[in-house]
Amino acid sequence: MAMKLPLALVESIVSLTTPSDACRAASVSSTFRLAADSDAVWIQFFPSDYMSLVERAVDLSPLPHAFSLKDLYLRLCNGHVLIDGGSLSFWLDRWSGKKCYMIPARALAITWCHAPQYWKWIPVPESRFPLAAELVNVCWLDIIGTMDMEMLSPDTCYTAYLVFKLGEESNGFTDAVDAEVGVIGTEHEKRLIYLDTEGMGGMLGDEMRAQTMLREDEIKRPRERKDGWVEVEMGEVFSGGRGEETRQGKVGMRVREVNRLDWKSGIIIQGIEIRPKVVV
């Protein structure tokens, strides 16, 4: 006759695994199923400040009256939540419970974004935010996003992505542009990225690759997302360990093309998304 483990012991064991492991554990036995659904387990998968984030939410759909922490976890993983008056999008990474964000175009520092001859603000139905920034025409492209490092989950490598679309009449994005991500005030990696999904790089693009010693396969290209937008990887940053001095700093994210000064138009910026790096 098999020995039945105490529920509290099973909860302790399952809480040391991952959210996906906890869901799989539910199929082992009735005791494991009770443990895998318990608040004692799921509280371990949340970031320590999750209640603060939930309280700042402006569009969190109502949960069942007797909801569990598992219900809340899945809700925060299955869709983004607007926080801080709608000025930031937040959700949890399903597999790790790490915090993820998107900074809207309105919260980015975009050169000349308030001049209607250069940029205009438009509603896009599939956007998370009321307005996106559409480029009318500029020769100086410079987009900057910042975030307090302490908002990120500690001990985590994050990747930042520019989330955008190119309109049918877009122009000037054939060649690669500059991107960089890192802790403000420190040295960090710079890279070249393409914004045009068809971009192969012309002569100037070849010159830039030679100057930076980059191979073609090292230059990041955009890819389509399930939500209908396009994203391109800007760079990576490590969030620092608990108590480290870097946790008090800011992460900076930047995309720019200020060298060739050729005219560009037609890109629609939703924002910059930052989420834990996926290790393949």
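The values are calculated or read from the model by the stated rules, or taken from the named source; none is laboratory data. Please read these numbers as outputs of a predicted model, since none were measured by experiment. Please note: Cβ atoms are built from the backbone with ideal geometry, for glycine as well, and neighbour counts cover all protein chains shown. Accessible surface areas use protein heavy atoms only, side chains included; no ligands, DNA or RNA. Shrake-Rupley method; radii C 1.70, N 1.55, O 1.52, S 1.80 Å.
Observations
- Screening segment 231-269 for residues that are in contact with a helix residue (DSSP H, G or I) (Cβ under 9 Å, 6 or more places away or on another chain) and within 28 Å of VAL124 (Cα to Cα) and picking the one that is surrounded by the fewest Cβ atoms within 10 Å (Cβ to Cβ) gives ASP262.
- Just one of the numbered conditions (1) closer than 25 Å to LYS277 by Cβ; (2) under 23 Å from the mean Cα position of the chain (by Cα); (3) among the small types (Gly, Ala, Ser) is not true of SER15: (2).
- Residue count for segment 230-280, restricted to those that are in a strand (DSSP E or B), under 15 Å from the mean Cα position of the chain (by Cα) and charged (D, E, K, R): 6
- Unmet requirement for LEU162, which otherwise passes all of (1) closer than 16 Å to ARG221 by Cα; (2) assigned to a loop (DSSP other than H, G, I, E, B): (2)
- Among the candidates THR146, THR186, residue that is at pLDDT below 95, open to solvent by 40 Å² or more (accessible area, probe 1.4 Å) and among the hydroxyl-bearing types (Ser, Thr, Tyr): THR186
- Failed item in (1) without any contact (Cβ under 8 Å) to a residue 60 or more places away in the chain; (2) among the hydroxyl-bearing types (Ser, Thr, Tyr); (3) not in a loop (DSSP other than H, G, I, E, B), with SER27 passing the rest: (3)
- Test: residue in segment 193-206 that is in a strand (DSSP E or B) and either in contact with a Lys or Arg (Cβ under 8 Å, 6 or more places away or on another chain) or at pLDDT below 95 (or both): yes
- Selection from segment 142-151 of residues that are of a type in the set (A, V, I, L, M) and over 14 Å from MET253 (Cα atoms): MET151
- Answer residue from segment 1-50, given it is farther than 15 Å from GLY97 by Cα and of a type in the set (D, E, K, R) and is modelled with the highest pLDDT among those: ASP37
- Looking only at residues in segment 169-183 that are part of a strand (DSSP E or B) and open to solvent by less than 70 Å² (accessible area, probe 1.4 Å), the one that is nearest to TRP263 (Cα to Cα) is SER170.
- Hits in segment 86-132 (condition: assigned to a strand (DSSP E or B), open to solvent by less than 60 Å² (accessible area, probe 1.4 Å) and more than 24 Å from PRO276 (Cβ to Cβ)): ALA109, ILE110, TRP119, TRP121, ILE122, ALA132
The rows are residues; the columns are (1) closer than 28 Å to GLY241 by Cβ; (2) surrounded by 12 or more Cβ atoms within 10 Å (Cβ to Cβ).
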site: THR18; (1), (2): yes, yes
site: ALA22; (1), (2): yes, yes
site: VAL28; (1), (2): no, yes
site: THR31; (1), (2): no, yes
site: ALA36; (1), (2): no, yes
site: ILE43; (1), (2): yes, yes
site: MET51; (1), (2): yes, no
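- Taking segment 239-280 as the range and being at pLDDT 95 or above and farther than 24 Å from THR111 by Cβ as the test, the residues that pass are ARG275, PRO276.
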